[in-house]
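Worksheet for the structure shown next.
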Amino acid sequence: MIVVLIIWMDDKTQAIPAGYFGRLVGLLWDGGASSSTHTQPTNMPPLEPRCQQKQRDEWRMRLERNLLCVMALFGNVVCGLALAAPSLCAPTQAVIFSCATSRSKTIALCMDERHKQITYRYGKPSPVEMSYSARLGSEDGFYANHYFRPGVDYMRIAFATAGYEYSVFRNYDATEASTPKYGVVVSGSGNGEAQIECRSQVIDNMEKIIKDLKCDKSSALGCP
């Protein structure tokens, strides 16, 4: 039986045989040094090109971020696969984010590529309890923050309406858990905040649009 790992790499989905996984991890932690314990398939190109140290460091950091998707094989996180979870997105919309909560409700971010419009939805297909749409880049639209370093990855896509802010988040800290935490935080002036966590069936494509969103410069997470 052949096991395949699915990894996001520069907005392209790549399928890598499981025998390659050892070399991926080796590259991540030793900066690209070859390992005698893992044999590279003869029909595949070398994993790492000969490049300068700076390029190698960038590759290693990108690879560590992409390995979050590999954790899907051992948990509930699915990166870039739209068939793994129920979604509130319309057939004409791309699934940017979707997950199921403990109450069997869905948190979703959907993208209408044709009209450049993002939609947030929460609830069940019938009824949808909360829906908000805005064009990409509009003043009253969605904004984002992203902080990343090796072993730590915090991302959020948010919007504000009717005095409340809704923030879909991905939080990962390797010292606290082996997989990211996902959910939405709802906060209002003087009303504190409520957090709804994802429990299963996560689709995470937020990386694909975050650089197209305006940055909330007031956030300590910084800009993408």
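The values are calculated or read from the model by the stated rules, or taken from the named source; none is laboratory data. Predicted, not measured: the structure shown is a model, and the values here were computed from it. Positions of Cβ are generated from backbone atoms using ideal geometry, with glycine treated the same way; all protein chains shown enter the neighbour counts. Surface areas here come from the heavy atoms of the whole protein model, side chains and all, with no ligands, DNA or RNA. Shrake-Rupley method; radii C 1.70, N 1.55, O 1.52, S 1.80 Å.
Things to note:
- Of everything listed in (1) over 18 Å from Arg199 (Cα atoms); (2) touching a helix residue (DSSP H, G or I) at 6+ places or on another chain (Cβ under 8 Å), the single unmet condition for Arg170 is (1).
- Of all residues in region 181-190, one or more are closer than 15 Å to Cys99 by Cβ, in contact with a Cys (Cβ under 7 Å, 6 or more places away or on another chain) and part of a strand (DSSP E or B).
- Members of region 92-107 that are within 14 Å of Ile196 (Cα to Cα) and crowded, with 21+ Cβ neighbours inside 10 Å: Ser98, Cys99, Thr106, Ile107
- Flag: Asp173 matches the condition of being open to solvent by 10 Å² or more (accessible area, probe 1.4 Å), farther than 19 Å from Ile96 by Cβ and among the acidic types (Asp, Glu).
- Residue pairs meeting the criteria (Cβ under 7 Å; at least 6 apart or on separate chains; first more than 18 Å from Ala162 (Cα to Cα), in region 122-141; second open to solvent by 60 Å² or more (accessible area, probe 1.4 Å) and assigned to a loop (DSSP other than H, G, I, E, B)): Leu136/Lys116
- Residue match in region 166-183 (condition: in contact (Cβ under 8 Å) with a residue 60 or more places away in the chain and in contact with a Ser or Thr (Cβ under 9 Å, 6 or more places away or on another chain)): yes
- Scan of region 131-170 for residues that are open to solvent by 60 Å² or more (accessible area, probe 1.4 Å), part of a strand (DSSP E or B) and under 24 Å from Cys89 (Cβ atoms), ordered by number: Ser131, Arg135, Tyr164
- In summary, Lys181 fulfils each of the numbered conditions (1) loosely packed, with under 14 Cβ neighbours inside 10 Å; (2) modelled with pLDDT of 95 or more; (3) of a type outside the set (Phe, Trp, Tyr); (4) closer than 25 Å to Ala94 by Cα with the single exception of condition (1).
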